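The values are calculated or read from the model by the stated rules, or taken from the named source; none is laboratory data. On a predicted model such as this, the values are computed, not experimentally measured, just so you know. Positions of Cβ are generated from backbone atoms using ideal geometry, with glycine treated the same way; all protein chains shown enter the neighbour counts. Ligands, DNA and RNA are excluded from the accessible area calculation, which covers all protein heavy atoms including side chains. Shrake-Rupley method; radii C 1.70, N 1.55, O 1.52, S 1.80 Å.
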Amino acid sequence: MFLVNYSSSSEEEEEEVGPAGAGPRLRAEGAVGGAEVKSQQLPVPESVMGMFKELEEELDDGIKHDGRIRSFPHQRGNWSTLVYLEYYPEEELMELIDLLLTHLQVHKLPMARLAEFHISLSQTVVLRYHWINIFVESLKEKMSFFDRFYCVSDKVKIYINQEKTRTFLGLEVSAGSNYLLEVVNEVDKSMKEFNLKTYHKKPSFHISVAWCLGDATAELEKHQQELQAIVDRFEDSARILRMFADQVWCKTGNKIFSFPLR
């Protein structure tokens, strides 16, 4: 079992807000001739509210997110942030994942396939809204020195988030870890500049392909060798599980930034 710092809520959420998310309020307060003037809140024009659209807040809703919850409390001005490599799957990967999930379904271990795939290069951290541009510039500078590289994710592993609320079926990197560690070392430097958590000391780089609620690690690990055999036997698995890393990505709230490698 491997602990990973997955956000318990969907990483696709536009989940954080900036300091001005509520828009301006117009008030008339004070004293006139010694008499107090009562506060009056006027309606804010839609044209003004539209100026703050990108800072709008999305509240927690367990029903909308299949029962998932946040890893940390929502606070105005805090943005959930992750640095990662994007993996663009071929159709054959979906076929392989379906084979793995069908095998688990037979053993009454249902899991849901993820819609997007990536390799994390940081923990999920909380970034203040006014730090975003400076943080992005720091990452951009550090990533500019890296060349493009390949890595292969073909080892079945079971992961669980730190809150033990979600379990993941993953494919661990078997080739290319040294390159990933070099990138993570530079990402960690940017994290330290803002007193944010650095990555795990002994990371297990991987692509998560499916998940379920709760802690199902013990049951899933009983079938790990069988799942690995499915991967090993799958035609052309070496090709479809090979990732070409040509840029690093950073998602913070509803903003996404990319940093091309040389």
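Summary of computed values
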{"item": "Computed E for Lys140/Leu114 - FRET, C-beta separation, R0 35 angstrom, nearest 0.05", "result": "0.80"}
{"item": "Residues whose placed amide H lies under 5 Å from that of Gln162, excluding near-sequence neighbours", "result": "Val4, Tyr6"}
{"item": "Sequence-distant residues sharing a close amide H with Phe205 (under 5 Å, placed H)", "result": "Val173"}
{"item": "Hypothetical label at Asp147: residues of the range 177-217 whose amide nitrogen lies under 17 Å (7 Å Cα-Cβ projection)", "result": "177-183"}
{"item": "Contour excess over end-to-end distance, with Cα ends at Ala218 and Val106 and 0.36 nm allotted per residue", "result": "38.6 nm"}
{"item": "Mean separation of Cα contacts under 8 Å, 6 or more apart, over the residue count of the range 103-262: relative contact order %", "result": "35 percent"}
{"item": "J(HN,Hα) series, the range 145-161, from Karplus relation 6.51 cos²θ - 1.76 cosθ + 1.60, nearest Hz, glycine and proline x", "result": "8, 9, 8, 5, 7, 10, 9, 10, 10, 9, 10, 5, 9, 10, 10, 9, 6"}
{"item": "Area of Asp154 that stays accessible when all protein chains are in place (1.4 Å probe, Å², to 10)", "result": "40 Å²"}
{"item": "Inter-probe distance in nm under a simple model that places probes 7 Å from Cα toward Cβ, at Glu226 and Lys201", "result": "3.7 nm"}
{"item": "Local net charge near Tyr88, Cβ-Cβ under 11 Å (Lys/Arg +1, Asp/Glu -1)", "result": "-4"}
{"item": "Label point distance in nm, Asp246-Arg262, each placed 7 Å from Cα along Cα→Cβ", "result": "1.8 nm"}
{"item": "Shape category assigned to the range 124-262 from the gyration tensor of Cα positions, a/c cut at 1.5", "result": "oblate"}
